[in-house]
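Trainee: Got a structure for you, written out below as structure tokens; questions coming shortly.
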Amino acid sequence: MNRNYVFASVIGFALLALVPVFTHNPYYIHLVETIMIYAILLFGLDIVVGYTGQVSLGHAGLFGIGAYTAGVLFLKVGAPFWVIVPASIAVTAVFGALLALPALRVSGPYLAMVTMAFGTIIQILINEMTFLTEGPMGLKIPKPAVAGYKFDEQSFYWVVTALLALSLLVVHRVLRSQLGRAFEALRGSPVASDCMGVSVYKYKVYAFVISAGFAGLAGCLYAYSEQYISPNTYNNELTVMFLLAVIMGGRKSRIGSMLGATIIVLLPKLLDDLEMFRMVASVLAVLMLIGAIIGVARKMTTAQTMAVPVVGTAALAVFAFWLDSITDWRLSIFGLMILFVVYYLQDGIVGFVRSLLSHRSRGAKTAHVAHAVDSHVDPIIRAAKNGGDDVLVAKEVLMQFGGLKAINQVDLRIKRGTIHGLIGPNGSGKSTMMNVLTGIYVPTAGSIEFEGRSVVGRTSSDIALSGIARTFQNVQLFGEMTALQNVQVGLHHTFHSNFVDVALNTSRYAQEDKSATARAEGLLAFVGLADLAEEQARNLPYGKQRLLEIARALALDPQLLLLDEPAAGLTAPDIKELVLIIRKIRDHGITVILIEHHMDMVMSICDTVSVLDFGQKIAEGQPADVQANEKVIEAYLGGTAT
């Protein structure tokens, strides 16, 4: 963990812990306590929204499950606090799994609707199951007692502070681990995630379960904090507020979650007071003006773009001093302020500040090599068996989309340890064949065997883990992740540590992470990207992105590597370097299937070439023979042999 981050966290939690010392007013203590409880829930919600890119509107329901689990266990069973807390987490995590299993079969607005329906159902059940929940009457829960000690408002505040610190530590470790990289990869490119051995569905469910656990903890603490819970608390309005808090504070940021929690708790209360509203509006107008000046001066934005937000906040400040009463305008102003933040700060407040800081440091940034890789260290660990046997056999493969036969009765035999070229004009079925071989498409008919085992009907992640890796015709990197993290996603299969190992930072996880990091750095060096390890993938030149895809694919330790137009976007010197890299890959015993439009490259490095045209194989053989084939000249080159 970064030292500055640790120092700032220690100072921040020290200040939080001192709040009851600075003020003995129970109202303010309770207010800060509520912010911390909401922050715990937002830590979990950010995993789903910020990292996996899913929209969940069911977290108010999960929050309610955690609260009512605490209430029911205390009132019906008399369970102690130290039993109720883990039970609330576990029960809510189970409900999170029950929500995720059917909900994640859909996406986008449909997922939002399903999760919202879940929240509504939970609210109805809480209201109707009077034998457990007392229905509309609600439940009264006193402050907990442990070992005979009865917590009061101040001491329970410190319990919440400690659990917030623990939650922050756990979520920070999880999101910096292989689990966090898997979650983030799902957002960047689900297709690439599956082809890296990271099952999209499995890890989306995993994310929901972990997120629900944090919601359960928050709900449990909320029940004890309020000392009274009722069904009306856990409605859709609350879940929308949670979602807005993540967006306003800034996704993929624990600071953003805490800031978002502060906004949704304090802002409505601040708007109850006209003088306070005037002060908030004035400060917001000044901050927006300063931000606009900085942004325009550093050419991060234009004066025209910033004109509307600057004028809008200035008008809000003027409007605040014009008002005699805020009561009738409170909700409208609150809504407009939220819309403003969401529209103009799409990465949230923390994201906006980060962009300013990163822009400031970009000019002074120097080339950075993460760790030197000894020249004798071989980053490609697996050495496949050499020999002339077939590593992959495809027979009479048919891929039909409606009436279109994208692949029509194609046979392929790929010899182990060779570079097998697959060429043809655009639309001939090359990339479709790649997708069939890697499980993205299930062939309409035919058989495909890899290492003697059929791949037909298996998931892309299963095929990838069995030894088939690939790159894509259209680059499919995880853009918001660094080059090093992209390769580490490919090494996900090397981790055997679980959530508990990650949360406790056990020696098993530490050793696996250290080994994976070293190997990822070696693979980046292998393709010539060692000095770009910490650069975000989306910021790399297109040619470098191609090389990064190869490094990430090699991280799977494949027997068969499928390269889909890897030279696209590369300069002539880069293509020469790529040829050397592909030959080195082949020399390690890894079989390569190469789709490429640079014919000089194909003819110089391929041992065998197959030619497709309109989904059919029209020629196959050694490069020289294929190049002289009349059908190839006619179909591929658009002419006849001379």
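Please treat every number below as a calculation from the coordinates, not as lab data. Just so it is clear, the structure is predicted and the values come from calculations on it, not from any experiment. Counting neighbours? That spans all protein chains shown, and the Cβs are built from the backbone with ideal geometry, glycine included.
Trainee: Run the quick spin-label model on Asn498 and Asp273: label points 7 Å from Cα toward the beta carbon, then report their separation in nm to one decimal.
Mentor: 5.0
Trainee: On to the next question. Quick one: which residues, 5+ away or cross-chain, put their amide H under 5 Å from the amide H of Ile593? H built at 1.01 Å from N.
Mentor: For Ile593, the qualifying residues are His420, Leu561, Leu562, Leu563.
Trainee: Percent antiparallel among DSSP beta bridges with both residues in the chain, to the nearest 5?
Mentor: Around 60 percent antiparallel, to the nearest 5.
Trainee: So what J values fall out for region 285-295 if you push phi through Karplus, 6.51 cos²θ - 1.76 cosθ + 1.60 with θ = phi - 60°, rounded to Hz, Gly and Pro as x?
Mentor: With coefficients 6.51, -1.76 and 1.60, one gets 5, 5, 4, 5, 5, 5, x, 5, 4, 5, x Hz.
Trainee: While we're here: Suppose every Lys and Arg Cβ carries +1 and every Asp and Glu Cβ carries -1, with no other charges. What dipole size does region 414-542 come out with about its Cα centre, to the nearest 20 debye?
Mentor: Taking the Cα centre of region 414-542 as origin, the dipole is about 540 debye.
Trainee: Cα to Cα, under 23 Å, and not fewer than 8 places away if on the same chain: which lysines meet these conditions relative to Lys252?
Mentor: Partners within reach: Lys202, Lys204.
Trainee: Could you give me the ³J(HN,Hα) list for region 497-509, computed from phi with Karplus coefficients 6.51, -1.76, 1.60 and θ = phi - 60°, whole Hz, x at Gly and Pro?
Mentor: Computed from phi, the couplings for region 497-509 are 6, 10, 4, 5, 4, 5, 4, 8, 6, 5, 5, 4, 5 Hz.
Trainee: Here's something else I'd like to know. If you plug each phi of region 126-141 into the Karplus form 6.51 cos²θ - 1.76 cosθ + 1.60 with θ = phi - 60°, what whole-Hz ³J(HN,Hα) values come out, in order, with x for Gly and Pro?
Mentor: Couplings: 4, 6, 8, 7, 5, 5, 10, 9, 6, x, x, 5, x, 10, 9, 10 Hz.
Trainee: Another question, if that's okay. Check the straight Cα-Cα distances from Lys631 and name the lysines below 30 Å, setting aside those fewer than 8 residues away within the same chain.
Mentor: Lys395, Lys405, Lys415, Lys430, Lys576, Lys617
Trainee: Further question: Work out, step by step, the length gained on full extension between Phe13 and Trp82: first 0.36 nm times the residue separation, then minus their alpha carbon distance; give nm to one decimal.
Mentor: Here the answer is 22.6 nm.
Trainee: Moving on to the next point. Tell me, Met113, Met434 in order of fewest to most beta-carbon neighbours within 10 Å?
Mentor: So the ranking, lowest neighbour count to highest, is Met113, Met434.
Trainee: Once a ≥ b ≥ c are taken as the square roots of the eigenvalues of the Cα gyration tensor of region 29-265, is the result rounded (a/c under 1.5), prolate (a/b larger than b/c) or oblate (a/b not larger than b/c)?
Mentor: prolate
Trainee: If we count other beta carbons within 10 Å of each Cβ, what is the order of Leu524, Leu465, fewest first?
Mentor: Leu465, Leu524
Trainee: How high is the relative contact order of region 157-308, given as a whole-number percent (alpha carbon pairs under 8 Å, six or more residues apart)?
Mentor: 10
Trainee: Straight-line reach from Lys514: which aspartates and glutamates have a Cα under 15 Å away, not including same-chain ones fewer than 8 places off?
Mentor: Once the sequence-local aspartates and glutamates are set aside, what remains near Lys514 is Asp501.
Trainee: Here is a further query. What's the angle, to the nearest 10 degrees (0 to 90), between helix 330-344's Cα axis and the longest principal axis of the chain?
Mentor: Between the helix axis and the principal axis of the chain, the angle is about 20 degrees.
Trainee: Still on this structure, I have one more. Please list the non-local residues whose amide H lies under 5 Å from the amide H of Gln409, H modeled 1.01 Å from N, same-chain partners needing a gap of 5 or more.
Mentor: HN-HN under 5 Å from Gln409: Val397, Leu398, Met399.
Trainee: Sticking with this structure for a sec: Counting pairs of alpha carbon atoms under 8 Å apart in space and at least six apart in sequence, what relative contact order in percent does the chain give?
Mentor: 15
Trainee: What's the angle, to the nearest 10 degrees (0 to 90), between helix 153-175's Cα axis and the longest principal axis of the chain?
Mentor: Value to nearest ten degrees: 10.
Trainee: What residue among Val48, Asn235, Val91 has its Cα farthest toward the positive end of the dipole of region 29-265, where the charges are +1 on Lys, Arg and -1 on Asp, Glu, each on the Cβ?
Mentor: Positive-most Cα among the choices belongs to Val48.
Trainee: Same structure again: Out of all DSSP beta bridges with both ends in region 390-636, state the antiparallel percent to the nearest 5.
Mentor: So the antiparallel bridges in region 390-636 amount to around 55 percent.
Trainee: Next question. Report Rg (one decimal) and Dmax (nearest whole number) for the chain, counting Cα atoms only, units Å.
Mentor: Final numbers for Rg and Dmax: 28.9, 98 Å.
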